[in-house]
Ligand SMILES: Nc1nc2c(c(=O)[nH]1)N[C@H]1C(S)=C(S)[C@@H](COP(=O)(O)OP(=O)(O)OC[C@H]3O[C@@H](n4cnc5c(=O)[nH]c(N)nc54)[C@H](O)[C@@H]3O)O[C@H]1N2
Ligand SMILES: Nc1nc2c(c(=O)[nH]1)N[C@H]1C(S)=C(S)[C@@H](COP(=O)(O)OP(=O)(O)OC[C@H]3O[C@@H](n4cnc5c(=O)[nH]c(N)nc54)[C@H](O)[C@@H]3O)O[C@H]1N2
Ligand code: SF4
Ligand SMILES: [Mo]
């Protein structure tokens, strides 16, 4: 058995993974001879994984895997030589004819540092354009801007241990139980051992909020007001360190004056935030009276038109007391993607040149000299949304999109579609040929996926982990950096002759050393790695920077910041407008527990799709009845942006009355049109240019003329469906369809009858059931695996009775993926217990939430909803250790 240490492919926690492969050499031929578990020695997770990590091997047999370069709609594949010739020729001729700013890269926080570095170097150093932006613009850019404004550099000062050392952890706009599950488990463990207080600030009562000591169900987009008021009150209280303020900060007086100009009276602020005086006093007391308070934020903060200001407002609260880079205290921006941090470090944003540098003359000279370039970009490039607008306007004429799916993930899908249609040359590198964006590419380039490629990623807490290939690539997939380097060489540029990822990593580290020499106040410094041998790179253990001899895992601990004067800055906005009215219905979009983004990597794994099986929009049950709608029916969502999204309506009392929620995961492949982003306008933060994904005013209308259906087996086709997509089941699959009532099939080859509101169609071939279709104006609830087992069996009366029974019984969603426990099983078992014992009883008897622990919030939610006496929040955590 060969042991390979690598990292998880998903979130910014950056968990270490240990793969055992039954292979003689470094790489195995297939995932089927591999097993995987959490790496017990990795300091991010110490052996723990969440469900997405646990199931990584199951994701590898990828439907629609892209294995060879090919042109749009061409059946024949291209050789790499022809493909890279074509890219080189198109980009060169476009630049020659229209100038360097007519081309662009659109990258991703899921690329490895080495991929990112080479793409950034080619565009900014040799093409002469900084049109290199990334999906991190949609994710981290407000935090990046706030770090730069407060600290002088985009640096996360803290580390994961701070979550364990804190007396109080405040999660703002972060559903950490679902989105950074292993870090959340670390918080819960710390709470068990020393009673950490957990505060969650989120409009929804999420799985995370249910486990909090204090949940502030804040009005959407009001966090800036809340933290500005908190800052003011903390300043008036004793939670201030005058000596620190004097020695290490600037701008306090100005910041307070700015606030005085716009911040309303306390009671008005609290009314706007939708929280009570008592709740605010509790929050204030937690900050004021505890030594170690850690505030962490994620997309509820970043994806707003005030994302940067809100982040600075939070940082202000901690700066007052000198709580930056101190154990258990301060501000921590949670990174979304596995290598968003690495991308930021190489400077892969249109607003940066390279390695935390901007476009000043001296900065450009340093980088140009290092790269041996005489054509370095002179000014910032266009950020994500402007890039696609420029494509739609015909200004950007060639784009290379790598490891991201913008047609599904950028706001205003109609604009993005127009951009992709208008841009004369669209190259897409991906592992799948079947993404919404890949379907619109002129040229598709096959990228090696997570299990096949080698390099490095940097997680939330600045820890660099080696990703190691453990499976041989199928077909001709290549590393993303390799493709870029080939094109660069063909365009005649020197400096792209890399033999391996290690070569690139050394070069990046050497550049960081040069930058540190020239700008000693900058913190990013990987000089130690500039001379790393290939063997040392291969064996590199997870390393957190700063790589200083004292092994301090934090930055700015001594109050020396990255500005040339070494001081941190208080920043508050000068004047702020409110923008939502109370009457508006606001659509929030975000993540669900088991899926990853646009589902290209997780949408084909039965266990990961069972949690949310089809596109739906959630509303509070009181909203559903007030609007005279019915749970389970189809509705249409519309917004001023245009278009209409047809979805199933589901009740979720975790929302407030004026809110809707939809997962960002569903794309045009399932909805038949676009993702939730079809409805979103392009409002963005003025500083960071990050889109405000989280609150979109929408209108919801009944579409009870639309029927929903599920089909198994070889069913005769029905025309005019609004959508059709496949759901993978344990051993087979089924299809989801939706169609208008007027197009319901009138005749069928077989049996047709009705149970309640469900039409059952059963097709027969030689006496056996060849296909089943269930159709209803409401959600069709049924155990899909059980129905699948009926296909191919002799259609006896008993078997048809069984089908009826299944339809009557409905279905029960899988709550605990690790132990395979459904909602219904939980409720059945919970009846045998009372009060607080219920949750422990269910855990013991069913195993629910004793695996990775990600479903604990939902277990609590189910018990709270079903049993009035379920005081469930404080219970022991049964999280298993995978080591
Ligand atoms: N399962 C899963 N995990 C993931 C990912 C995934 O796709 N799936 N993606 C990863 C990535 S790239 C990212 S960026 C992270 C995102 O991680 P999170 O930010 O934790 O996830 P989201 O669901 O996008 O949004 C978080 C919360 O913000 C709340 N919110 C909305 N508006 C506001 C507001 O105005 N104020 C406040 N305080 N809260 C608000 C929402 O209700 C939501 O619960 O997750 C990472 N982890
Ligand atoms: N409405 C709404 N929209 C959102 C958000 C939201 O909360 N609400 N969140 C935003 C955020 S925070 C983010 S991070 C984005 C994420 O949005 P995207 O980045 O668009 O989503 P992914 O599905 O992760 O896309 C990654 C693509 O890369 C491919 N891929 C995987 N591995 C590799 C590889 O090694 N090489 C290459 N070349 N390709 C690879 C995958 O198949 C997939 O097509 O979405 C943003 N959009
Ligand atoms: S928390 Fe889960 S998704 Fe995130 S890195 Fe760890 S195992 Fe992967
Ligand atoms: Mo993200």
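Only the coordinates and a few stated rules stand behind these numbers; no lab work does. Worth saying up front: this structure is predicted, and the values here are computed from it rather than measured. Quick reminder, even Gly has a Cβ in these numbers, built from the backbone with ideal geometry, and neighbours come from all protein chains shown.
Gain on full extension, evaluated as 0.36 nm per residue between residue 832 and residue 865 minus their Cα-Cα distance, stands at 10.2 nm. The listed peptides 740-746, 313-319, 769-775, ordered by packing as a protection proxy, come out as 313-319, 769-775, 740-746 (highest mean of other Cβ atoms within 10 Å first). Extension gain, residue 246-residue 421: 0.36 nm per intervening residue step, less the Cα-Cα distance, totals 57.4 nm.
Here r is the Cβ-Cβ distance between residue 742 and residue 75 and R0 is 41 Å; the resulting FRET efficiency, rounded to 0.05, is 0.65.
Spin-label pair residue 35-residue 58: with each label point 7 Å from Cα along the Cα-Cβ axis, the two points sit 1.7 nm from one another. For region 153-333, DSSP calls about 0 percent of its internal beta bridges antiparallel.
May I ask for the distance between the Cα centers of region 810-833 and region 102-121, given as a whole number of Å? Between the Cα centres of region 810-833 and region 102-121 lies a distance of 44 Å.
For the chain, what does the helix formula give at 222 nm: sum of -39500 (n - 2.57) over DSSP H segments with n ≥ 4, over the residue count, nearest 500 deg cm²/dmol?
Numbers: 31 runs with 275 residues, N = 883.
Using -39500 (n - 2.57) per qualifying helix, the result is -8500 deg cm²/dmol.
Give me the number: length gained by fully extending residue 548 to residue 193, i.e. 0.36 nm times residue separation minus the C-alpha to C-alpha distance, one decimal in nm.
On the way: separation 355, 0.36 × 355 = 127.80 nm, distance 3.10 nm.
Roughly 124.7 nm would be gained on extension.
If we sort 194-204, 93-103, 242-252 on the protection proxy, mean other Cβ atoms within 10 Å, highest first, what's the order? Kindly include the intermediate steps, with their values, before the conclusion.
On the way: 194-204: 21.3, 93-103: 17.1, 242-252: 15.3.
Highest-to-lowest ranking by the protection proxy: 194-204, 93-103, 242-252.
If we count other beta carbons within 10 Å of each Cβ, what is the order of 652, 213, fewest first? Numbers along the way, then the final one.
Working: 652 20, 213 17.
The order, fewest Cβ neighbours first, is 213, 652.
What spacing in nm lies between the two simple spin-label points modelled at residue 499 and residue 214, each 7 Å away from Cα in the Cβ direction? Each label point is offset 7 Å from its Cα along the Cβ direction, giving 5.9 nm.
Most simply put, region 585-702 has about 65% antiparallel DSSP beta bridges, counting only bridges with both residues inside it. In terms of its Cα atoms, the chain spans 83, 68, 56 Å along the principal axes, sorted from long to short. Label sites at residue 732 and residue 380, each approximated as a point 7 angstrom past Cα along Cα to Cβ, lie 5.6 nm apart.
Please state the relative contact order of region 585-702 as a whole percent: Cα pairs under 8 Å, 6+ residues apart?
Values: 232 pairs, mean separation 42.9, N = 118.
The value is 36 percent.
Can you figure out the FRET efficiency of residue 704 with residue 369, using R₀ = 51 Å and their beta-carbon distance, to the nearest 0.05? My answer for the efficiency is 0.15. Once the Cβ-Cβ distance of residue 285 and residue 785 is raised to the sixth power relative to R0 = 56 Å, the FRET efficiency obtained is 0.65. Protection proxy ranking for 499-507, 131-139, 718-726, using the average of other Cβ atoms within 10 Å per residue and placing the highest first: 131-139, 499-507, 718-726. Can you give the % of DSSP beta bridges in the chain that are antiparallel, to the nearest 5? About 60 percent, rounded to the nearest 5.
In percent, rounded to a whole number, the relative contact order of the chain is 16, using alpha-carbon pairs under 8 Å and six or more apart.
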